[in-house]
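Reading through the structure tokens given below for one structure.
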Amino acid sequence: MISANRWYASISDVIKRPNEKGRLSSLIFENKNLQLRYYSPKKKDNQIPHDQDEIYLIAKGSGKFVKNKKEIYFNTGDIILVPKKENHYFKDFTDDFATWVIFYR
């Protein structure tokens, strides 16, 4: 996790971090209004709707993203916004797919 004396995170650092117990992603930074996570599913995205709004910043890879039955293609560098409690998931993504996830209130 990013600490008070460290103000950045690189993919090469966070790729080594294990997912938190009971979570599909690793926690990188947290305060009372925001969480930054790193998410890199393997083969299938098993996430369920969340209680917070989300921003996905695609770090690596490409594929499709489904939100409430609407589907888009995504690539490295794209940003995807998801309001809280909306059904959504990634599919048909490349083996190297990874994304930063920002949960916020």
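The values are calculated or read from the model by the stated rules, or taken from the named source; none is laboratory data. If you're wondering where the values come from, they're calculated on a predicted model, not measured in any experiment. Cβ placement follows ideal geometry from the backbone for every residue including glycine, while neighbour counts extend to all protein chains displayed.
β-branched (Val, Ile, Thr) and either touching a Leu at 6+ places or on another chain (Cβ under 9 Å) or at pLDDT below 95 (or both): is that true of Ile72 in this structure?
So Ile72 does not fit the description; no.
If you take the residues of region 31-87 that are of a type in the set (Ser, Thr, Tyr) and surrounded by 15 or more Cβ atoms within 10 Å (Cβ to Cβ), which of them is nearest to Val14 (Cα to Cα)?
For region 31-87, the residue satisfying everything is Tyr38.
Could you pull out the residue among Asn19, Asn31, Asn46, Asn75 that is of a type in the set (S, T, N, Q) and within 21 Å of Arg105 (Cβ to Cβ)?
Matching residue, one of Asn19, Asn31, Asn46, Asn75: Asn31.
Of the residues that sit in region 63-105 and are among the polar types (S, T, N, Q) and part of a loop (DSSP other than H, G, I, E, B), which one is nearest to Lys43 (Cα to Cα)?
Thr94
Can you work out which of the residues in region 32-62 that are assigned to a loop (DSSP other than H, G, I, E, B) and among the hydroxyl-bearing types (Ser, Thr, Tyr) is modelled with the highest pLDDT?
Ser62
Counting only residues that are assigned to a strand (DSSP E or B) and hydrophobic (A, V, I, L, M, F, W, C), which one in region 9-30 is surrounded by the most Cβ atoms within 10 Å (Cβ to Cβ)?
Ile28
Quick grid of which residues meet (1) out of contact with any Gly (no Cβ under 8 Å at 6 or more places or on another chain); (2) of a type outside the set (Lys, Arg):
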{"residue": "Pro41", "(1), (2)": "yes, yes"}
{"residue": "Asp51", "(1), (2)": "yes, yes"}
{"residue": "Lys60", "(1), (2)": "yes, no"}
{"residue": "Val66", "(1), (2)": "yes, yes"}
{"residue": "Phe74", "(1), (2)": "no, yes"}
{"residue": "Ile79", "(1), (2)": "yes, yes"}
{"residue": "Pro83", "(1), (2)": "yes, yes"}
